[in-house]
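As structure tokens, the structure follows; a few thoughts come after it.
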Amino acid sequence: MIKEYVKKDFVRLVKAGALEGRRWMKATDSSAVRIYDRNLAELPVTVELFGRWAKIVDYADGGLSDEDREAVIDLVNRMVYVERDMIVYQLRRKREGLEQHTLLSQEKTELTVREHGLDFIVDLTSHIDTGLFLDQALVREYVRTISADMRVLNLFSYTGSFSVYAAAGGAACVTSVDMSNTYSDICRRNLEANGFADSQRYNVVVSDCLPFVRAEVERGGRWDIIIFDPPSFSNSHRMERPFDVKKDYMDWLAMLSRIMSDHAILIFSCNSSTFALDKARVKKAFRIVETGQDLAPVGFSRHRGGISRVWVMERLAVFNAPTGRGERVKRVEDQDFERLVSSYDSEETVREDRSARGAGRDERPRYREGGRRESFRREDSRPRYGRDERPRYRDDDRKSSYRRDDDRPRYGRDERPRYRDDDRKPSYRRDDDRPRYGRDERPRYRDDDRKPSYSRDDARPRRREDDRRPLPRRDEERPYHEHGSMGQNDRPRSRAQSHSYDRDRRKKGAVKPYGYDSFARSRRRDDQDEE
């Protein structure tokens with residue numbers, strides 16, 4: 001049973017999603033949008049609006065209980081303002097192995113919805129999929145913006161939604177290929193509902209996509225835009241072989257590159273959450289851009305994996321698919337099969353004999369406790385790949401020192417001499433050993449010499465001749481009692497009294513000493529007393 005706080009959170013998310021979705025529909029002239037996408041782990045369902053209808057799909061293992069299902073339907077009825085009779089509830093059963101989704105109901109609930117001003121036919125009850133994937137709404141709009149005067153090929157066209165957008169964008173011709181008669185018929189109806197009834201210009205082909213592309217390669221066909229939106233897996237009996245997008249997409253890219261014109265666009269879409277495009281192999285033939293955030297749909301939760309990944313690939317050169325893949329199985333003739341079986345039996349016999357003797361790892365020799373194991377660091381035991389030019393030594397030999405010049409060359413450093421421990425290395429602190437770059441004009445002094453003092457008056461810069469401020473007296477010219485100490489027959493004086501910048505100097509109109517401008521005037525307690 002759903003807890004009360006979960007119901008409150010569900011109500012809050014559904015109302016917010018419905019408000020955002022209806023704003024988006026009004027701005028884009030649409031009537032289909034998703035408003036809840038498994039946002040709560042306790043309620044793994046999706047809620048989509050199709051005009052006056054709402055469809056709820058249950059993703060829970062085994063489905064929600066009857067009580068929880070009725071609670072979800074009631075909340076959608078009251079919070080989204082959809083009538084109870086117009087709410088469709090379906091359980092999406094998890095597929096196992098190669099199983100695919102089947103027909104859920106013989107009864108069809110068809111209606112026409114709008115998306116970006118275009119009309120599409122959807123069926124809410126017969127299958128899990130309605131015929132219009134809402135997560136690709138912005139991708140379809142992007143196709144319309146680039147389709148002017150282009151030759152467009154839509155593979156695995158399904159109900160032809162991409163074909164309708166390409167035709168609305170002014171494409172020169174649009175060809176839709178799908179092997180389902182039912183979906184191909186809906187594709188024609190969608191084209192006709194939007195005013196694209198010319199079968200010569202907007203052709204719908206009922207065929208398997210693989211032989212169609214092979215025929216185009218032999219014919220030398222050229223297309224400017226190719227939409228490649230295959231299912232993740234398909235094992236239909238009408239196909240030549242089962243299709244798995246993870247294993248077969250490289251071969252498909254190689255074939256499609258041969259029917260694309262120069263700088264043609266390939267829109268590759270995949271809804272498998274475990275699919276990964278190997279860009280390292282493809283980037284030499286295609287310029288790849290993953291749309292991702294640019295074409296993110298409204299109402300979809302990205303962390304749930306319900307959004308298809310889309311790559312826009314511009315052809316630069318013909319792509320050659322890699323050969324020799326591990327998943328391909330080579331056929332074995334009868335005589336080769338007998339030989340392989342006999343060799344396999346002999347290997348099994350050898351393994352059994354060795355296991356009976358107690359050898360666990362046949363490739364490594366076993367030693368007794370008193371024996372000495374062979375060292376694999378010798379050259380005759382294990383080769384050193386690419387390093388055989390270096391000699392090997394035993395424990396009783398002395399290895400040569402590679403720090404000497406005659407053993408190993410010092411690349412680019414042979415001009416510097418090497419010294420042993422008993423030699424004395426030259427000192428590079430002397431002028432005759434190492435030059436002082438840019439500083440040779442300054443004389444060098446040794447420890448026994450006396451460096452010139454730059455604190456003398458003759459070393460300091462002279463002041464201007466027109467400056468008549470008196471110079472401060474040097475320490476050796478001042479009386480002893482003015483150094484801050486007591487002289488004979490003198491009383492102790494404070495620093496303020498003995499300083500050259502005393503109160504008499506700070507009087508208004510007094511001549512200030514040289515260098516006074518660089519000091520900030522501060523108030524003293526004596527000044528306050530005088531005031």
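Scanning the stretch 233-264 for residues that are more than 17 Å from Ser157 (Cβ to Cβ) and either hydroxyl-bearing (Ser, Thr, Tyr) or touching a residue at least 60 places away in the same chain (Cβ under 8 Å) (or both) returns Phe233, Asn235, Pro242, Lys247, Tyr249, Met250, Asp251, Leu253, Ala254, Ser257, Arg258, Ser261.
Within the stretch 84-123, the set of residues being in a loop (DSSP other than H, G, I, E, B) and modelled with pLDDT of 95 or more comprises His116, Gly117. Looking only at residues that are hydroxyl-bearing (Ser, Thr, Tyr) and in a helix (DSSP H, G or I) in the stretch 175-198, which one is surrounded by the most Cβ atoms within 10 Å (Cβ to Cβ)? That would be Ser184. The requirement of being more than 23 Å from Ser232 (Cα to Cα) and assigned by TED's automatic domain parsing to the domain that holds Arg309 is satisfied by Ala168.
Checked against (1) touching a His at 6+ places or on another chain (Cβ under 8 Å); (2) without any contact (Cβ under 8 Å) to a residue 24 or more places away in the chain, Ala137 passes all but a single condition, namely (2). The single condition from (1) over 36 Å from the mean Cα position of the chain (by Cα); (2) over 29 Å from Arg315 (Cα atoms); (3) at pLDDT below 95 that Asp185 fails is (3).
All told, Trp24 falls short of being of a type in the set (Phe, Trp, Tyr) and in contact with a helix residue (DSSP H, G or I) (Cβ under 6 Å, 6 or more places away or on another chain). Screening Val113 with (1) closer than 21 Å to Asp129 by Cα; (2) surrounded by fewer than 18 Cβ atoms within 10 Å (Cβ to Cβ) gives one miss only, at (2). Just one of the listed residues (Ser161, Ser126) is at pLDDT below 95 and closer than 27 Å to Val245 by Cα, namely Ser126. Residues that are in contact with a Ser or Thr (Cβ under 8 Å, 6 or more places away or on another chain) and surrounded by 16 or more Cβ atoms within 10 Å (Cβ to Cβ) are absent from the stretch 67-83. Here Tyr158 does not qualify as free of Cβ contacts under 8 Å to residues at least 60 places away in the same chain and either in a helix (DSSP H, G or I) or crowded, with 20+ Cβ neighbours inside 10 Å (or both).
The values are calculated or read from the model by the stated rules, or taken from the named source; none is laboratory data. Here the structure is a predicted model, which is why all the values come from computation and not from measurement. Positions of Cβ are generated from backbone atoms using ideal geometry, with glycine treated the same way; all protein chains shown enter the neighbour counts.
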